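Worksheet: the structure to be examined is printed underneath.
The values are calculated or read from the model by the stated rules, or taken from the named source; none is laboratory data. Quick caveat, the model's predicted, so the values are computed rather than measured. Here the Cβ positions follow ideal geometry from the backbone for every residue, glycine too, while neighbour counts run over all protein chains shown.
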Amino acid sequence: MNKDFNMLPAVLMNKLATTEIINCNEITWRYGLVLSQTDAKALVEIRSEALKQNGRIEFKGGIINKLIMEFCDSPYLSQYNYSETLSELIETFYYFKNETLDEMGDDELISLMKDYFDKHCQGSIELLQNRELEILSRNIRYGVSDYEVPYEYEEFIHYGTFGAYEEYQEDQDE
């Protein structure tokens, strides 16, 4: 009996989160993006699983809604890939929240994810996860306060030669 009582808040929070996600459709339909009740429930389940996998807890919801509202105007989202992309963004958010040592606020991380997704990654979740956010995490862990990647640096990212940027800068100065 006691175990059922402990689950009550989680059940209520999941229902509330599902309703909030569905309410986002009022804005996202303008971009041709709509989530069904089934999609919303699946996103809430993915959030719960991502929280467990990353050893995190969440006291207030809204991360899914923030991701939806931030990414809904992306030129790389369509109804076809909308739910799947949101699922991957949720998992990515919680993973990199840990990897950045919680040094960034939720809104700042989501904003950078959107910027990287649209500009540097051209809609590729793989590039977002394995290149841009990895560099961001590494910079934060090593104390680099300005974690924006210089535009010239991008050509070296593909080769994995992070020391090459300094050599490139020296060549540019000559």
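Scan region 26-45 for residues that are over 16 Å from the mean Cα position of the chain (by Cα) and buried (at least 16 other Cβ atoms within 10 Å of the Cβ) and the total you get is 8. Of the residues Lys41, Lys66, Lys60, the single one that is at pLDDT 95 or above, over 24 Å from Cys121 (Cβ atoms) and among the basic types (Lys, Arg) is Lys41. When Tyr168, Tyr116, Tyr80, Tyr153 are checked against the criterion of being modelled with pLDDT of 95 or more, over 16 Å from the mean Cα position of the chain (by Cα) and over 23 Å from Gln53 (Cα atoms), a single residue qualifies: Tyr80.
Every residue, every condition in (1) within 15 Å of the chain's Cα centre (by Cα); (2) aromatic (Phe, Trp, Tyr), yes or no:
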{"residue": "Arg47", "(1), (2)": "yes, no"}
{"residue": "Gln53", "(1), (2)": "no, no"}
{"residue": "Lys60", "(1), (2)": "no, no"}
{"residue": "Asn65", "(1), (2)": "yes, no"}
{"residue": "Met69", "(1), (2)": "yes, no"}
{"residue": "Ile90", "(1), (2)": "yes, no"}
{"residue": "Tyr94", "(1), (2)": "yes, yes"}
{"residue": "Glu99", "(1), (2)": "yes, no"}
{"residue": "Asp107", "(1), (2)": "yes, no"}
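Suppose the filter is in contact with a Cys (Cβ under 7 Å, 6 or more places away or on another chain) and assigned to a loop (DSSP other than H, G, I, E, B); does Leu33 pass it?
When the stated conditions are applied, Leu33 passes them.
Please specify each residue of region 98-120 satisfying the condition of being farther than 20 Å from Asn65 by Cβ, loosely packed, with under 15 Cβ neighbours inside 10 Å and of a type in the set (S, T, N, Q). Within region 98-120, just Asn98 meets the criteria. For Tyr95, the criteria (1) at pLDDT 95 or above; (2) over 21 Å from Met69 (Cβ atoms) hold in every case but one, which is (2). Only one of the numbered conditions (1) surrounded by 11 or more Cβ atoms within 10 Å (Cβ to Cβ); (2) touching a residue at least 40 places away in the same chain (Cβ under 8 Å) is violated by Pro75, and that is (1).
In the set Asp73, Asp173, only one residue is at negative phi and modelled with pLDDT of 95 or more; that residue is Asp73. Exactly one residue out of Gly123, Gly55, Gly143 is free of Cβ contacts under 8 Å to residues at least 12 places away in the same chain and either on the phi > 0 side of the Ramachandran plot or surrounded by 20 or more Cβ atoms within 10 Å (Cβ to Cβ) (or both), and it is Gly143. Does Ala17 qualify as being under 26 Å from Ser137 (Cβ atoms), touching a residue at least 24 places away in the same chain (Cβ under 8 Å), small (Gly, Ala, Ser) and crowded, with 16+ Cβ neighbours inside 10 Å? Here the answer is no, as Ala17 does not meet what is asked.
Quick check: anything in region 29-38 at pLDDT 95 or above and under 30 Å from Val144 (Cβ atoms)? Walk me through it before giving the result.
As a first pass, look at region 29-38 and keep what is at pLDDT 95 or above: 29-38.
If we keep only those that are under 30 Å from Val144 (Cβ atoms) as well, we get none.
No.
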